[in-house]
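First the structure, in the form of C-alpha cells, and then the observations on it.
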Amino acid sequence: AQSVTQPDIHITVSEGASLELRCNYSYGATPYLFWYVQSPGQGLQLLLKYFSGDTLVQGIKGFEAEFKRSQSSFNLRKPSVHWSDAAEYFCAVGALSGGSYIPTFGRGTSLIVHP
Amino acid sequence: GAVVSQHPSRVICKSGTSVKIECRSLDFQATTMFWYRQFPKQSLMLMATSNEGSKATYEQGVEKDKFLINHASLTLSTLTVTSAHPEDSSFYICSARTQGVRTQYFGPGTRLLVL
C-alpha cells in the first residue's frame, strides 16, 4: 500500500521569502502525485500534478514541484510567498490497485506567512 | 471546468436524526466519487469510494450501515449519516473523477454539527 509523509506540521515564512514544502511517498511503481491547497473551512484546490514526463511541474499561483524518484520525493516550491498563500497544503498519491484508483493523502503542512 | 459542489455547506442536527449530504459534479461525468472525513487540523480520511451504479466500497473501520452512500447517477452522490451522534460531527468532503482521468476534484465540504 502506498503512503505519503509530510514531515513538517507547520512552516513559517516571511512574505516575499522562498518556500519549500516537503513530501515523501512510498509506492512500488511510478505514482501519480498531487499537491492540493485548503483554505480554512474550504475544500481542496488542485495546485499541480505529476503523472509522467518532465519531473519539474508548474502549477497555479506560481507554485512548482519536482519529482525525484531516487529520493521518493515531490517537494512543493514557490520563489516568493504572498500573504494569501497562508493555508493548509496536502501532498497526495494516487495509485491504481486492481483496477481501482486509490488516493492517499499526507497529514498536511500548515503554512504561516508573516508580513 | 471540473467543478464539484456540495450541499448543504453546513448543517446542525439533533442527536438521533439522519442527515443527507449531496455531492454533484457540475460539468463532467463522475464515474467515481470519494467521500472523506476531516477532523480539525488533520488530514483527509477516506471513508468510501463509489462507482456509478455500484455499491460503495468502504474503508476499514467505516460503518456502512451508518454512512449510507448512493451514487445513482453520473453527476450525483449522496452521503447519509444515519442516527447521527455528536461524535459524527466533522467536516465531510467529497471528490469526483471521471474514468480515464487520474485527477480527482474536490467539493467545498460540508460542516456537520450534531448536538
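The values are calculated or read from the model by the stated rules, or taken from the named source; none is laboratory data. All values derive from a computational prediction rather than experimental measurement. Glycine gets a Cβ as well: all are built from the backbone with ideal geometry, and neighbour counts include every protein chain shown.
Using the structure shown, decide if A:Ser52 is loosely packed, with under 14 Cβ neighbours inside 10 Å, within 13 Å of another protein chain (Cβ to nearest Cβ) and either assigned to a loop (DSSP other than H, G, I, E, B) or modelled with pLDDT of 95 or more (or both).
Against the criterion (loosely packed, with under 14 Cβ neighbours inside 10 Å, within 13 Å of another protein chain (Cβ to nearest Cβ) and either assigned to a loop (DSSP other than H, G, I, E, B) or modelled with pLDDT of 95 or more (or both)), A:Ser52 qualifies.
Can you go through B:Phe67, B:Phe106, B:Phe34 and tell me which one is surrounded by 19 or more Cβ atoms within 10 Å (Cβ to Cβ), hydrophobic (A, V, I, L, M, F, W, C) and in contact with a Pro (Cβ under 8 Å, 6 or more places away or on another chain)?
B:Phe34
Considering every residue within region A:67-79, establish whether at least one is crowded, with 20+ Cβ neighbours inside 10 Å, without any contact (Cβ under 8 Å) to a residue 40 or more places away in the chain and either more than 13 Å from chain B (Cβ to nearest Cβ) or polar (S, T, N, Q) (or both).
Yes, that holds for at least one residue.
Which one of these does B:Ala96 not meet: (1) surrounded by fewer than 20 Cβ atoms within 10 Å (Cβ to Cβ); (2) at pLDDT below 95; (3) assigned to a strand (DSSP E or B); (4) not aromatic (Phe, Trp, Tyr)?
With (1) surrounded by fewer than 20 Cβ atoms within 10 Å (Cβ to Cβ); (2) at pLDDT below 95; (3) assigned to a strand (DSSP E or B); (4) not aromatic (Phe, Trp, Tyr) applied to B:Ala96, the lone miss is (1).
Can you tell me which condition A:Leu111 does not meet? The list is (1) surrounded by fewer than 18 Cβ atoms within 10 Å (Cβ to Cβ); (2) in contact with a helix residue (DSSP H, G or I) (Cβ under 7 Å, 6 or more places away or on another chain), and all the others hold.
All conditions pass for A:Leu111, except number (1).
Does at least one position in region B:2-9 carry a residue that is of a type in the set (Gly, Ala, Ser), part of a strand (DSSP E or B) and surrounded by fewer than 18 Cβ atoms within 10 Å (Cβ to Cβ)?
Yes, some residue in region B:2-9 is of a type in the set (Gly, Ala, Ser), part of a strand (DSSP E or B) and surrounded by fewer than 18 Cβ atoms within 10 Å (Cβ to Cβ).
Checking A:Lys61 against (1) surrounded by 15 or more Cβ atoms within 10 Å (Cβ to Cβ); (2) away from every other protein chain (no Cβ under 14 Å), only one condition comes out false. Which one?
The number of the failed condition is (1).
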